[in-house]
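S.K.: Below is a structure I'd like to ask you about.
The values are calculated or read from the model by the stated rules, or taken from the named source; none is laboratory data. In this text the structure is predicted, and so the values were computed from the model without any measurement. A quick note on method: Cβ atoms are made from the backbone with ideal geometry, for glycine too, and the neighbour counts reach across all protein chains shown.
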Amino acid sequence: MRLSDKLALEYLKFRNQCKFDEGCIEALLCYFKGEFIFTKEQLSYASKEIASFDMSRFLPLLDKIPKFRLILCDDNDKFPNVNIFSDRIENNLSATFKKDDPRDKAIEHFKALFKDAKYIFIYDKYLYKNHNLANLEKFIEEYKIQCNIYLDRNTYNELNKNKNLSSKIKSKIAIDKAHNLNSENTHDRYIMIDNNIEIILTSGIDYLFDTSKDFTYIIREI
């Protein structure tokens, strides 16, 4: 990715072990995906500002076309700029499993995330359907979820109407009164852990166990 002039200078100071803005570099490195791309002007300016700056190290990166078509900055969020301190475009953990791919690694990852959870919120408007109840029960059992699972009011009410609902699920679920998220307005499915971590599922939890379709999840810090 490209950098604004200000961020380019801060990053090159950081790379050359000079005094740099720690908050700026910490936020910048959250977007690091391979070496950054610089302009000739940015490298020339850095050579004036940084003692013993070796421009030749960065010449292979000069004016390459950025793969993601973005410019990282700290003062503008209008495309193609991405404000490293406050932007909708984030750099998060994600995993994609194609059809027939085993989901073992995703399952182990989720187990680790749920292990010490105090509470979990699940938003999935298809959760109460008959074919999903078995997967919900398997989800609770497989991941050894001990804490309460909160659902939005609509899903909770629909789930409780289902006569196939087991006592195991009933004992675990409660209505989420804190977020008031209307599942009718959401497309993706979400799992929130202790209001710290959000797992975005592009399909329901049933595809953690069913490999007949692809499955992708994204993990972001709230």
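S.K.: State yes or no: is GLU137 farther than 23 Å from ILE219 by Cβ, acidic (Asp, Glu) and surrounded by 12 or more Cβ atoms within 10 Å (Cβ to Cβ)?
M.R.: Details: farther than 23 Å from ILE219 by Cβ: yes; acidic (Asp, Glu): yes; surrounded by 12 or more Cβ atoms within 10 Å (Cβ to Cβ): yes.
So GLU137 passes the test.
S.K.: From the list LEU159, LEU165, which one is in a loop (DSSP other than H, G, I, E, B) and of a type in the set (A, V, I, L, M, F, W, C)?
M.R.: LEU165
S.K.: Count, please, the residues in region 49-64 that happen to be assigned to a helix (DSSP H, G or I) and acidic (Asp, Glu). Before the answer, list the steps.
M.R.: So the first thing to find is which residues in region 49-64 are assigned to a helix (DSSP H, G or I), and the list is 49, 55-61.
Keeping just the survivors that are acidic (Asp, Glu) gives 49.
Within region 49-64, residues that are assigned to a helix (DSSP H, G or I) and acidic (Asp, Glu) number 1.
S.K.: Working only within region 27-48, note down all residues that are buried (at least 19 other Cβ atoms within 10 Å of the Cβ) and either polar (S, T, N, Q) or assigned to a helix (DSSP H, G or I) (or both).
M.R.: Listed by number, the residues that qualify are LEU28, GLN42, LEU43, ALA46.
S.K.: Can you tell me how many residues in region 130-161 are polar (S, T, N, Q) and either touching a helix residue (DSSP H, G or I) at 6+ places or on another chain (Cβ under 7 Å) or closer than 19 Å to LYS118 by Cβ (or both)?
M.R.: 6
S.K.: Filtering region 162-191 down to residues that are in contact with a helix residue (DSSP H, G or I) (Cβ under 9 Å, 6 or more places away or on another chain) and acidic (Asp, Glu), which residue is modelled with the lowest pLDDT?
M.R.: GLU184
S.K.: PHE139 passes all but one of (1) part of a strand (DSSP E or B); (2) at pLDDT below 90; (3) not acidic (Asp, Glu); which number fails?
M.R.: Of (1) part of a strand (DSSP E or B); (2) at pLDDT below 90; (3) not acidic (Asp, Glu), only one is false for PHE139: (1).
S.K.: Any residue at all in region 37-47 that's polar (S, T, N, Q), in contact (Cβ under 8 Å) with a residue 24 or more places away in the chain and closer than 23 Å to ILE200 by Cα?
M.R.: No.
S.K.: Just to be sure, is ASP77 outside the structural domain of LEU29 (by TED's automatic domain parsing), touching a strand residue (DSSP E or B) at 6+ places or on another chain (Cβ under 9 Å), assigned to a loop (DSSP other than H, G, I, E, B) and surrounded by 10 or more Cβ atoms within 10 Å (Cβ to Cβ)? Walk me through how you get there before you give the answer.
M.R.: Details: outside the structural domain of LEU29 (by TED's automatic domain parsing): no; touching a strand residue (DSSP E or B) at 6+ places or on another chain (Cβ under 9 Å): yes; assigned to a loop (DSSP other than H, G, I, E, B): yes; surrounded by 10 or more Cβ atoms within 10 Å (Cβ to Cβ): yes.
No; evaluated as a whole, the condition is false for this residue.
S.K.: In region 111-134, is there at least one residue being within 19 Å of TYR207 (Cα to Cα), acidic (Asp, Glu) and either at pLDDT 90 or above or not in a strand (DSSP E or B) (or both)?
M.R.: Checked against the condition, which is being within 19 Å of TYR207 (Cα to Cα), acidic (Asp, Glu) and either at pLDDT 90 or above or not in a strand (DSSP E or B) (or both), region 111-134 yields at least one hit.
S.K.: Looking at ALA117, ALA106, ALA112, which is the one that is on the phi < 0 side of the Ramachandran plot, loosely packed, with under 12 Cβ neighbours inside 10 Å and under 21 Å from the mean Cα position of the chain (by Cα)?
M.R.: ALA112
S.K.: Give me the pairs, please: first residue somewhere in region 67-96 and within 18 Å of LEU9 (Cα to Cα), second residue anywhere and assigned to a strand (DSSP E or B) and among the charged types (D, E, K, R), beta-carbon distance under 8 Å, and either six or more positions apart or on two chains.
M.R.: The qualifying pairs are LEU70/ARG2; ILE71/ARG2; LEU72/ARG2.
S.K.: Sort out which residues of region 24-43 are small (Gly, Ala, Ser) and modelled with pLDDT under 95, and write them in order of number.
M.R.: If the condition is that a residue be small (Gly, Ala, Ser) and modelled with pLDDT under 95, then GLY34 is the only one that fits.
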